[in-house]
1. Looking at the structure I just gave you, is residue 51 among the basic types (Lys, Arg), more than 14 Å from residue 1 (Cβ to Cβ) and modelled with pLDDT under 85?
2. Filter the stretch 55-72 for residues that are over 14 Å from the mean Cα position of the chain (by Cα) and in a loop (DSSP other than H, G, I, E, B); which is modelled with the highest pLDDT?
3. Considering only residues that are in contact (Cβ under 8 Å) with a residue 40 or more places away in the chain and surrounded by 15 or more Cβ atoms within 10 Å (Cβ to Cβ), which ones fall in the stretch 31-59?
Amino acid sequence: MLVIPKTHIPNCAHLAKEHLPILEDMKQLVERMTKKLEVRKGKYVETGFTRPPFNSVHHLHLHVLVLPFRSSVGRLRKWALTHPYAYVSLDNVIAKIQRK
């Protein structure tokens, strides 16, 4: 699932303190959607952004992944999305902005 804000923000490198309400809204939406979709216990929900220059869409969008992946293609995609150079979690982005 992708969560896309209406406000245009090119990517996660452009996030600042004024974007914290948007990020918190995105986080709450993920929580509501995973509850509504009845994500089962034992599943792990990962949320984060692709870092530039690895992003291919130039509008901020939050990736929502439900782990564990069962297929080899899914595991490869999970690795690509969670590699530390290419990916940053939503919680890490929020914490970094709050420290500024």
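The values are calculated or read from the model by the stated rules, or taken from the named source; none is laboratory data. Here the structure is a predicted model, which means the values were calculated and not measured. Here the Cβ positions follow ideal geometry from the backbone for every residue, glycine too, while neighbour counts run over all protein chains shown.
1. So residue 51 fails the test.
2. This residue is 58.
3. Of everything in the stretch 31-59, those that are in contact (Cβ under 8 Å) with a residue 40 or more places away in the chain and surrounded by 15 or more Cβ atoms within 10 Å (Cβ to Cβ) turn out to be 46, 47, 48, 49, 51, 55.
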